[in-house]
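Student: The structure's right below; bear with me while I get my questions together.
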Amino acid sequence: MSNGELSTRHLLGIKDLNVNDIRLIFDTATNFKEVINRPIKKVPSLRDTTVANLFFENSTRTRLSFELAEKRLSADVVNFSSASSSVKKGETLLDTVNNILSMKVDMVVMRHPSPGAPIFLSKHIDANIINAGDGTHEHPTQALLDAFSMQEKLGDLAGKKICIFGDILHSRVALSNIFCLQKLGAKVRVCGPPTLIPKYIDKLGVSVSYNVRESMEWCDVANILRIQLERQDIKFFPSIREYAQYFGINKDLLDSLDSEVVIMHPGPINRGVEITSDVADSGQSIILQQVENGVAVRMAILYLLAANR
């Protein structure tokens, strides 16, 4: 592999990337970040490329971020949301995609409620596939933009301590973050109620804690996940109020720490539940930088995969 090329044709999960791939994506994203801060924010890199955004699950931020990234690269964009489509009429995933491919689509960005759906697609169709979240499995672009934002703030992540707080069990962000941060040499811990921590997660080489204060004292970065009520078919904790009381991160806790912890959140935020507004909007928070970096990182991924066609 030359320095300027990804080792893979698709972005299905962080598991498939090596550390050189991750660094290449970050270097490319840094260049694109400069582009999106110029008065003219467009480059013609993907001028003759058609990208289909297939969202079989609701998403606002990820879909908008991808759409913006595609338009900044001058791609032609086709948006498809299953809520208003033939999927409702019983059409299969492969039918839907084949119909879209017969329109000569080069790349597919896909979010799907079933784990493994993007991998299934990549085996059956010729376009480059980008996984924008598959069930509770992975969300690779979120992990890349999170790690990119951490690196921008802290420098090299080797040896840095990152704690992921909250609903680890239902989160695809957590899994992708763990894989990505470990590849970059960071130490990773997860913290939340025992009912929301997967049983064998320590087998991934992360430490597990149920104590928020102790974990906040330990970490350099707190990546706080929301409670995914829409994925919980049973109650995992007594009440939202109780969750906020024992596992929420508030300003009093933040101000009582000896060191300044960087605060992150992939959004959307349940303000007052896993994080209070004064923490989310504090000087230690890089939540808005994450959003800006999301566009640059997704531009980098689209650009690098297109080069691999």
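Student: Of the residues 97, 43, only one is crowded, with 21+ Cβ neighbours inside 10 Å and of a type in the set (Val, Ile, Thr); which?
Tutor: One residue alone meets the criteria, 97.
Student: Which numbered condition in (1) part of a loop (DSSP other than H, G, I, E, B); (2) under 23 Å from the mean Cα position of the chain (by Cα); (3) more than 21 Å from residue 293 (Cα to Cα) is the only one that residue 120 fails?
Tutor: Here residue 120 clears every test but (1).
Student: Could you tell me whether residue 67 is acidic (Asp, Glu), out of contact with any Gly (no Cβ under 9 Å at 6 or more places or on another chain) and closer than 26 Å to residue 292 by Cβ?
Tutor: yes
Student: Conditions first: (1) over 16 Å from the mean Cα position of the chain (by Cα); (2) of a type in the set (Val, Ile, Thr); (3) under 30 Å from residue 260 (Cβ atoms). Residue 164 passes all but one, so which condition is the exception?
Tutor: Here residue 164 meets the rest and fails (1).
Student: Related question: Being within 13 Å of residue 188 (Cβ to Cβ) and in a loop (DSSP other than H, G, I, E, B) is the filter here, so list the residues in the stretch 206-230 that pass it.
Tutor: 206, 219, 220
Student: Could I ask something else about it? Looking only at the stretch 123-163, filter to residues that are of a type outside the set (Gly, Ala, Ser) and assigned to a loop (DSSP other than H, G, I, E, B); which one of those is surrounded by the most Cβ atoms within 10 Å (Cβ to Cβ)?
Tutor: Residue satisfying both the conditions and the ranking: 139.
Student: Continuing with the same structure: Which pairs turn up if I take residues in the stretch 179-195 that are assigned by TED's automatic domain parsing to the domain that holds residue 23 and farther than 11 Å from residue 168 by Cβ and look for partners that are surrounded by 22 or more Cβ atoms within 10 Å (Cβ to Cβ) and of a type outside the set (Asp, Glu) with beta carbon separation below 6 Å, at least 6 apart in sequence or on another chain?
Tutor: none
Student: Checking the structure you have, find out if any residue of the stretch 300-308 is among the β-branched types (Val, Ile, Thr), outside the structural domain of residue 74 (by TED's automatic domain parsing) and either modelled with pLDDT of 95 or more or part of a helix (DSSP H, G or I) (or both).
Tutor: No, the stretch 300-308 contains no residue that is among the β-branched types (Val, Ile, Thr), outside the structural domain of residue 74 (by TED's automatic domain parsing) and either modelled with pLDDT of 95 or more or part of a helix (DSSP H, G or I) (or both).
Student: Restricting attention to the stretch 36-64, report how many residues are in a loop (DSSP other than H, G, I, E, B), within 18 Å of residue 122 (Cβ to Cβ) and polar (S, T, N, Q).
Tutor: The number of residues fulfilling the criteria is 1.
Student: How many residues are closer than 27 Å to residue 45 by Cβ, crowded, with 17+ Cβ neighbours inside 10 Å and of a type in the set (D, E, K, R) if we restrict to the stretch 263-298?
Tutor: 1
The values are calculated or read from the model by the stated rules, or taken from the named source; none is laboratory data. In this text the structure is predicted, and so the values were computed from the model without any measurement. Here the Cβ is made from the backbone with ideal geometry for all residues, glycine too, and neighbour counts use every protein chain on show.
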